[in-house]
1. Which of the residues belonging to the range 136-182 are touching a helix residue (DSSP H, G or I) at 6+ places or on another chain (Cβ under 7 Å), buried (at least 19 other Cβ atoms within 10 Å of the Cβ) and of a type in the set (D, E, K, R)?
2. Among (1) at pLDDT below 95; (2) in contact with a Phe, Trp or Tyr (Cβ under 6 Å, 6 or more places away or on another chain), which single condition is Phe146 missing?
3. Would you say Asp166 is within 18 Å of the chain's Cα centre (by Cα) and either assigned to a loop (DSSP other than H, G, I, E, B) or among the charged types (D, E, K, R) (or both)?
4. Consider the range 198-218. How many of its residues are part of a strand (DSSP E or B) and within 17 Å of Tyr140 (Cα to Cα)?
5. Give the residue, chosen from His207, His198, that is surrounded by fewer than 20 Cβ atoms within 10 Å (Cβ to Cβ), at negative phi, at pLDDT 95 or above and not polar (S, T, N, Q).
6. For the range 105-135, which positions are of a type in the set (A, V, I, L, M) and surrounded by 18 or more Cβ atoms within 10 Å (Cβ to Cβ)?
7. Could you run through the range 98-114 and say how many residues are in contact with a strand residue (DSSP E or B) (Cβ under 7 Å, 6 or more places away or on another chain) and either without any contact (Cβ under 8 Å) to a residue 12 or more places away in the chain or of a type in the set (Ser, Thr, Tyr) (or both)?
8. Show me the strands (runs of 3 or more DSSP E) found entirely inside the range 1-104 where at least 2 residues are modelled with pLDDT of 80 or more and either touching a Ser or Thr at 6+ places or on another chain (Cβ under 6 Å) or loosely packed, with under 12 Cβ neighbours inside 10 Å (or both).
Amino acid sequence: MERRTLFFAGGDAVDGTRSLTGGVWTAAEIRRRFAGLVPGPDRGGGARRGDHELNPGMWPMAELREAAVLVPLVDREEGLSVLLTRRTAHLSRHPGQIAFPGGRVDPGDSDAIATALRETEEEIGLSRDRIEPVGQLDRYVTRTGFAVTPVVAIVHPPFTLTLDADEVAGSFEAPLEFILDPANRERHSAEYQGVMRHFHAIPFGEHYIWGATAGMLVNLAETLTAETPTG
């Protein structure tokens, strides 16, 4: 295990300007928004969210494996921020990518919340007594065959992260206001195995948030700001 210093990008957008969408969100408002909120239903035998949203026909051929991630909203004095990690470069799946802490469901996990809390403690050393789960986003299916339940939680400072050096290369926080601003959310394309693939992306300073993580953040933004899903 390796102890690292947490980087916080601050309450301003990358260009130094304030970027507000739907007002300034507080922990209390997040709790109210998720109180009684039920994630959107799956449709057509599969999750309504996933890599297939922007790529019709992209659906895993194998049986889906259940997983969960924590979407940590850190309750800073200067405003809420989203805690993210960068995976190590040697991992076989999604090396070097920006991600939420999380992983596959273990037989001993009682539910998705238990999975997200366990994986978060294992990956970044964030104690569960600093974490307040408040709700869930829509299940997200990846092209690699995982059905991921994003668990939204308020994280209460102070805390110290102890990163699992085998899985996590670093961590940082992005202001929630920045994530919620539609101007900061993009759609990119790249060729993969001879096929053009499309995906959500949220460039943030030196960090390139894309793929499933960006897709879940889009779902978070739609949930908080009551946007109509696109695509």
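The values are calculated or read from the model by the stated rules, or taken from the named source; none is laboratory data. Just so it is clear, the structure is predicted and the values come from calculations on it, not from any experiment. Here Cβ is always computed from backbone atoms with ideal geometry, including for glycine, and neighbour counts include all displayed protein chains.
1. Asp138
2. It fails just one condition, (2).
3. Taking the combined requirement at face value, the residue does not satisfy it.
4. The total comes to 6.
5. Going through His207, His198 in turn, just one is surrounded by fewer than 20 Cβ atoms within 10 Å (Cβ to Cβ), at negative phi, at pLDDT 95 or above and not polar (S, T, N, Q): His207.
6. Val105, Ala112, Ile113, Ala116, Leu117, Ile124, Leu126, Ile131, Val134
7. Let us first name the residues in the range 98-114 that are in contact with a strand residue (DSSP E or B) (Cβ under 7 Å, 6 or more places away or on another chain), namely 98-105, 112-113.
This time we only want the ones that are either without any contact (Cβ under 8 Å) to a residue 12 or more places away in the chain or of a type in the set (Ser, Thr, Tyr) (or both), so: none.
The qualifying residues number 0.
8. It comes to 65-76.
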